[in-house]
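Here is the structure we will look at.
Where a number appears in this text, it was derived from the coordinates with a stated rule and is not lab data. Small disclaimer: the values here were computed from a predicted structure and weren't measured. Cβ sites come from the backbone with ideal geometry, for glycine too, and all protein chains shown count toward neighbours.
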Amino acid sequence: AFLAVDTKECKSVCLKRHRNLSVESLADLFVLGNRLAEVDPGGEVFPKILDAFYDIIGFTVEDLLEGQNCLSKAQQEPEFFTDLRNLKTCAVGALRGLEKLDQAGVVHNDVKPDNLMWVEAGGSSSSSTARVKIVDFGCARLDQREENGRNWALSEGGAGHLGKWSPEMTLRLPITHRGDVWGVAISLCELFCSRFVWRSEQDTAEVVLAQALGICNLKDGLPSSLLRRSPLDVRQLYTPAPRHWPLRRNTRGQLEALRPVRWGLDQVLGHGWQETHKGELGQLLEAALIIDPTFRPSASNLLRRCIFLQPVVEKEPEPVEPTLVEEEEVPEVPVEPQVEKVPEVPEVPAEEQPVEKVPEVPEVPADEPAGSAAAPEETQLSTEVPQGPLVPASDTASPPAE
């Protein structure tokens, strides 16, 4: 992919080079792009294919997505998709894309973490603002319902990444949109536990199918009903009844049965995941990882029924209605008049009360005249009253001596 500039629209675009597409396949891809534009005109889940041309090899011009594919993001931040909020964003975005593909009658055939783009809105890495889009439709084909009687999986020997092949692709059954549901479920498992179904070039389709039996917890092997519908010679590829296991030739040229070592989702989510916060994720994976495509739910059913995929609605606090409280009658308490208390003075006994001493007046002897007594140093008041008749105030007589 290359960064280019659309001189007509004056905007940046993505120029993709397709090494393995013929002219006919490139024309088919452009037609598929028109179908996708009908179901997703706003480009919310797919990039728009703007143009296509052939110059020795095929090229397509698409909308530029500024983001990072989920595989490289998981390698850069190993704990990113162990956060169930981020994994939920990936699951919802991928399944909404499959829902649109189902409406358009198109099968992607190569759903894997490399082709799921994590696009952050406004430069924020929050899972609430980011979205996931499906890219790279080089392996896309029309749904089997659109081409009755044509089994391109058999004629072309399968399509897409071997590690994400659905069981029906391995058995060369007609492919429908439910094959992409399997790819999304396997991608979620790989992003969460950082382990991959396909590890090296030595892994064959039989090895991938054996791992599918293990993760689906099918300890009796492939169902006979599924093998009967396969156009392949299953007698040479799988063990006979009662248990049908994939066969592989070892280094000595002998056929050996491939049996899984681990069973169920414990190898992905850990033991006891049913009782942890990973329970809802496990329910989604159990619903999507059904070996028989006839019974595997569609993307629309998963989005509608799985609790893990439902948006979290924050409950608003319920308004509290005011309640009328009956006032209790308070009995009246008589108020006593407040009297200022004067501190009591302790009574002193009469015998202890201080008595002011009055100076004693010396007695005057009777034979001495009153005026001949010598005056004491302190002024003394005479206690004698003069004898004689009272003189009226109008008389001129001299006033009595004081």
- Message: Kirkwood hydrodynamic radius, computed over distinct alpha-carbon pairs, for the range 156-232: how many Å, to one decimal?
- Response: 13.1 Å
- Task: Would you kindly calculate the mean projected area, averaged across all directions, of the convex hull enclosing the Cα atoms of the range 251-295, in square nanometres?
- Result: 5.0 nm²
- Message: How large is the Kirkwood hydrodynamic radius of the range 93-217, counting all unique pairs of alpha carbons, in Å?
- Response: 15.3 Å
- Taking max minus min of the Cα coordinates of the range 129-199 on each principal axis, largest first, gives extents in Å of 41, 30, 18
- Mind checking the full-extension length gain between Q103 and E9? Use 0.36 nm per residue of separation minus the Cα-Cα distance, one decimal, nm. 30.9 nm
- Item | the range 168-215: GluC sites (Glu not before Pro) falling in loop per DSSP and having at most 13 other Cβ within 10 Å | E201
- Message: Could you give the length gained by full extension between Y54 and E280, i.e. 0.36 nm per residue of separation minus their alpha carbon distance, to one decimal place?
- Response: 76.7 nm
- How do S230, S166, S200, S22 rank when sorted from fewest to most other Cβ atoms within 10 Å of their own Cβ? S200, S22, S230, S166
- Note on the structure: Computed over the range 194-275, the distribution of all Cα-Cα distances in 10 Å bins, rounded to whole %, is 16, 45, 29, 9, 1
- Item | Computed label-point distance, nm, for sites R195 and L154 using a 7 Å Cα→Cβ extension | 3.6 nm
- Item | Over 32 Å (Cα to Cα) - which of K133/K219; K11/K100; K8/K164; K8/K112; K48/K278; K73/K219 fall in this group | K133/K219; K8/K164; K8/K112; K48/K278; K73/K219
- Once normalised by the length of the range 67-309, the mean sequence separation of its alpha carbon contacts under 8 Å that are 6 or more apart gives a contact order in percent of 19 percent
- What is the spin-label model distance, in nm, from V31 to T129 if the labels are put 7 Å beyond Cα along the C-beta direction? 4.2 nm
- Query: Are there trypsin sites (Lys or Arg not before Pro) in the range 115-207 that DSSP marks as loop and that have at most 15 other Cβ atoms within 10 Å, and which are they?
  - Reply: R145, R150, R195, R199
- Query: Percentage of Cα-Cα pair distances in the range 67-309 greater than 25 Å, rounded to whole percent?
  - Reply: 42 percent
- Using all C-alpha to C-alpha distances in the range 125-168, build P(r) with 5 Å bins and read off the rounded percent in each one. 5, 14, 21, 21, 12, 9, 8, 5, 4, 0
- Provide, in order from the shortest bin, the percent of all Cα-Cα pairs of the range 1-95 in each 10 Å bin, continuing until the bin that contains the maximum pair distance. 14, 35, 33, 16, 1
